[in-house]
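Only one structure is covered here, and it is reproduced in the block below.
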Amino acid sequence: MDIRNSALLLLLISGVAHAEISEQQFVADCAKIPDYARQGEQLYKAKNYADAREAFEKQVTWSESCRLDDKAIATAYNNVALTWMRQAEWRKARAWLMIKPDDRKSAYNLGLIKDKLAALPAPSTAAGEYWNYVGLGTWETLIIKPLENKSDYQVDFQGYYLGMMAIYYGPNMGEFSEKVTLKDNAGVIALREGDYIHCDISLTVSPDAIDVKTDDPTQCGFGANVSADGRYLRVD
């Protein structure tokens, strides 16, 4: 059994596969991966970086879903990163490269942008945009905005859980928009609603990242298996 058929088997035995997704359709969709890569390369050479990135993100999504080898998937990540590099979006490029930082291409490109990252102004507050990779070309996001009191911030979260059939039917989702007070670069977001949401989400802020830890993700009112937990890299 080849790797694409193995991936399909995993989808089918998950218990959530829909009958209308056939093996033939899945194999045909996996066969489109080289087309996405070629399309991205053509757009990249034409300096149409936004559209190239869209094609390369499809390359990422299907390379993961079709269980390509690590080298092929890392190449797709690097393709997306290169479009951000061409637009001088060094932190967004780093986020993509840090998905597989030990890959040879990733390590090389991280070396290329090291000085660019070091030259960026150091953030003066926690305010900014942060990403946490959850798979299939998808990032959970934290948007941190300052409030009138300099210790207070508005935190907007958008999170996802990508189940076995997410490539066809989309992810489970969760979100919140809440105030947090940061003291010594740490704070706790308290989600409360009636008797069914009682969730404390701890934030630890560093210049380039926010580490998030939830006491009990099942009590946050998110979609099934969605959690805010993880390390979110600053991308702005």
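The values are calculated or read from the model by the stated rules, or taken from the named source; none is laboratory data. Every value quoted in this text rests on a predicted model; they were computed, and no experiment measured them. Neighbour counts run over all protein chains shown; Cβ positions are idealised from the backbone, glycine included.
Listed values, structure above:
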item	result
Any hit, the range 95-110, residues being farther than 28 Å from Ala46 by Cβ, part of a strand (DSSP E or B), in contact with a helix residue (DSSP H, G or I) (Cβ under 8 Å, 6 or more places away or on another chain) and not polar (S, T, N, Q)	no
Within the range 139-164, considering residues that are in contact with a Lys or Arg (Cβ under 8 Å, 6 or more places away or on another chain) and crowded, with 20+ Cβ neighbours inside 10 Å, the one farthest from Pro217 (Cα to Cα)	Tyr153
Test set (1) out of contact with any Cys (no Cβ under 6 Å at 6 or more places or on another chain); (2) surrounded by 15 or more Cβ atoms within 10 Å (Cβ to Cβ); (3) free of Cβ contacts under 8 Å to residues at least 60 places away in the same chain - Lys179 fails condition number	(2)
Of residues in the range 110-138 being in contact (Cβ under 8 Å) with a residue 12 or more places away in the chain and more than 22 Å from Leu97 (Cβ to Cβ), the one surrounded by the fewest Cβ atoms within 10 Å (Cβ to Cβ)	Thr125
When residues of the range 9-31 are limited to those that are at pLDDT 50 or above and assigned to a loop (DSSP other than H, G, I, E, B), the one surrounded by the fewest Cβ atoms within 10 Å (Cβ to Cβ)	Glu20
Considering residues of the range 165-174 that are under 17 Å from Val60 (Cα atoms) and surrounded by 15 or more Cβ atoms within 10 Å (Cβ to Cβ) only, the residue nearest to the chain's Cα centre (by Cα)	Pro171
Members of the range 199-236 found to be outside any strand (DSSP E or B) and either closer than 30 Å to Pro121 by Cα or without any contact (Cβ under 8 Å) to a residue 40 or more places away in the chain (or both), listed by number	Pro207, Asp208, Asp215, Asp216, Pro217, Thr218, Gln219, Ala228, Asp229, Val235, Asp236
Boolean, Asp211 is closer than 15 Å to Glu140 by Cα and of a type in the set (Asp, Glu)	yes
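For every residue, the table says whether it meets (1) assigned to a loop (DSSP other than H, G, I, E, B); (2) surrounded by fewer than 21 Cβ atoms within 10 Å (Cβ to Cβ); (3) within 19 Å of the chain's Cα centre (by Cα).
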| residue | (1), (2), (3) |
| --- | --- |
| Gln39 | no, yes, no |
| Arg67 | yes, yes, yes |
| Asn78 | no, no, yes |
| Arg91 | no, yes, yes |
